[in-house]
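Enquirer: Have a look at this one before I ask anything.
The values are calculated or read from the model by the stated rules, or taken from the named source; none is laboratory data. If you're wondering where the values come from, they're calculated on a predicted model, not measured in any experiment. Cβ atoms come from the backbone with ideal geometry, glycine included; neighbour counts cover every protein chain shown. To get the accessible areas, we keep the full protein, side chains included, count just its heavy atoms, and leave off ligands, DNA and RNA. Shrake-Rupley method; radii C 1.70, N 1.55, O 1.52, S 1.80 Å.
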Amino acid sequence: MADNIFSTITALAAQHDAINLGQGFPDFSGPERMLSIASQEILNGNNQYAPLRGLPTFLTAVSEQRERNYGLSFDPETEIVATVGATEGIAATVLSQVGPNDEVICFEPYYDAYAAAIDLAGGRRVSVPLIHDDSGWQIDTDAFRRAISPSTRLVIINNPHNPTGAVLDLTEFSGVCREHDLTVLSDEAYEYLVYDGRRHVPTAAYPGMPERTVTVGSAAKTFAVTGWKTGWALGPTRLIAEVTAAKQYLTFVGFTPAQPAIAYALREEMGWVSSMVSSLQEQRDLLASSLREAGLKVLDSQGTFFLLADVTTHLSPSQTGADWCRALIEKYGVAAIPVEVFADHPEKWSHLVRFTYCKGQETMAEARRRLSRVGE
Ligand code: PMP
Ligand code: GLN
């Protein structure tokens, strides 16, 4: 199997000493006290397997946070499991729900781990393109309905959405899921990263959704610790038992010392998260202006770490966004990700390129300096 797009672009960026606005990882770390709790946990000897479902303090912190933020109640003993990042939550959910030839509906462009998990389960992907127009990104509800068949076992939704940066309204989507009694995997890895005063609405908050939704989340983006690979899956007892059964043979458990540190951060550091969100919003706006000055059309980013640029006017007829990204690294020293790799209909997305704005001020300033040469 070839390296995925993130490894490929990150390696190419390193080779050309490029600023990496490709792979979404911050170049700063999370709140000091959270970091120091993790290191104290290691030094104090909390270095062995956690219980399969996670440390009680972690599970309780996740549960309290849901209640506080969204008024949603999840029993820490039966309705939450700690996972090795959102990635393991995705894999375990897909493996537990999908068998050979079962169909899984995804909305493209979609995060690449979904395709890999579906393949691993022997399932079949049915990909419904999102629609983009002047009012933003939306689910094509008619196409969604047409994609449903007697073999549909799971629907994967990601909100806030990578790679588009969209914050989706799931009212109609959830109506269709209820109508067809579908099980949903909701990837909310970016739930806290929404801008311009928006509020994230979890999929499980829509009527009729709690009983059919597995929600995966992660500390990675929220607390700027993508290397900790610590997340959670939440849902009704039956689904979480199935996810846990799959998870136990993927990793059994993850990195124990991270759990008390993240439990602390979920309780005490949401202020830190708010200031990170403000600075991400500022970086988003600065990056968008630089790209516009370079002659690119920039699509609105309402959440996540990402914005999309339309590079149509910079492509020759035989080129796609992937060629443009390669040239951007080689000629200008900035790395970005072509959106066509996130799709089963790549031709629909070959004019779009994803940039992250999750780096600190200095890195982003240098990236903007380099991008200013693109339009020359
Ligand atoms: N889902 C989405 C949409 C992502 O962008 C990512 C990458 N951060 C993940 C899941 C994986 O998250 P984690 O690093 O917690 O495994
Ligand atoms: N989620 C991050 C992104 O979309 C990184 C994913 C990865 O490296 N596998 O950029």
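Enquirer: As an exercise, use a Förster radius of 51 Å and the Cβ-Cβ distance of Ala11 and Asp75 to find the FRET efficiency, rounded to the nearest 0.05.
Expert: 0.70
Enquirer: Under 5 Å between amide H atoms, partner at least 5 residues away or on a different chain: which partners does Asn158 have, H built in plane at 1.01 Å?
Expert: The list, which skips near neighbours in sequence, is Asp187.
Enquirer: Would you mind checking Lys221/Lys331; Lys221/Lys247; Lys297/Lys348; Lys331/Lys359; Lys229/Lys348; Lys229/Lys331 for any pair whose Cα atoms are more than 25 angstrom apart?
Expert: On the way: Lys221/Lys331 30 Å; Lys221/Lys247 22 Å; Lys297/Lys348 17 Å; Lys331/Lys359 21 Å; Lys229/Lys348 32 Å; Lys229/Lys331 34 Å.
Violating the 25 Å Cα-Cα cut-off are Lys221/Lys331; Lys229/Lys348; Lys229/Lys331.
Enquirer: Counting only protein heavy atoms, what percent of the accessible surface of the chain is carbon or sulfur at a 1.4 Å probe?
Expert: Here it works out to 49 percent.
Enquirer: Can you compute the helix-only [θ] at 222 nm over the chain? Use -39500 (n - 2.57) per DSSP H run of at least 4 residues, normalise by all residues, nearest 500 deg cm²/dmol.
Expert: -11500 deg cm²/dmol
Enquirer: Could you go through the range 237-246 in sequence order and give the Karplus-derived ³J(HN,Hα) for each residue, using 6.51 cos²θ - 1.76 cosθ + 1.60 with θ = phi - 60°, rounded to whole Hz, and x for Gly and Pro?
Expert: 3, 4, 5, 5, 5, 5, 4, 5, 4, 6
Enquirer: Pull out the extension gain between Glu268 and Arg292, defined as 0.36 nm times the separation in residues minus the alpha carbon to alpha carbon distance; nm, one decimal.
Expert: Gain on stretching Glu268 to Arg292: 4.8 nm.
Enquirer: So, for the chain, what is the accessible surface per residue at a probe of 1.4 Å, expressed in square angstrom? Spell out each step's value before the answer.
Expert: Working: 15280 Å² over 376 residues.
I get 41 Å² per residue for the chain.
Enquirer: Please give the net charge around Tyr110, taking every other residue with its beta carbon less than 11 angstrom from that of Tyr110, where Lys and Arg add +1 and Asp and Glu add -1.
Expert: On the way: positive: Arg125; negative: Glu108, Asp112, Asp187, Asp344.
Net of charged neighbours comes to -3.
Enquirer: From the Cα trace of the range 146-206, what convex hull volume per residue do you get, rounded to a whole Å³?
Expert: Spelled out: Cα convex hull of the range 146-206, divided by residues, is 95 Å³.
Enquirer: From the backbone phi of the range 277-290, what are the Karplus-calculated ³J(HN,Hα) couplings (6.51 cos²θ - 1.76 cosθ + 1.60, θ = phi - 60°) in whole Hz, Gly and Pro given as x?
Expert: Result, ordered by residue: 4, 4, 6, 5, 4, 5, 5, 4, 5, 5, 5, 4, 5, 4 Hz.
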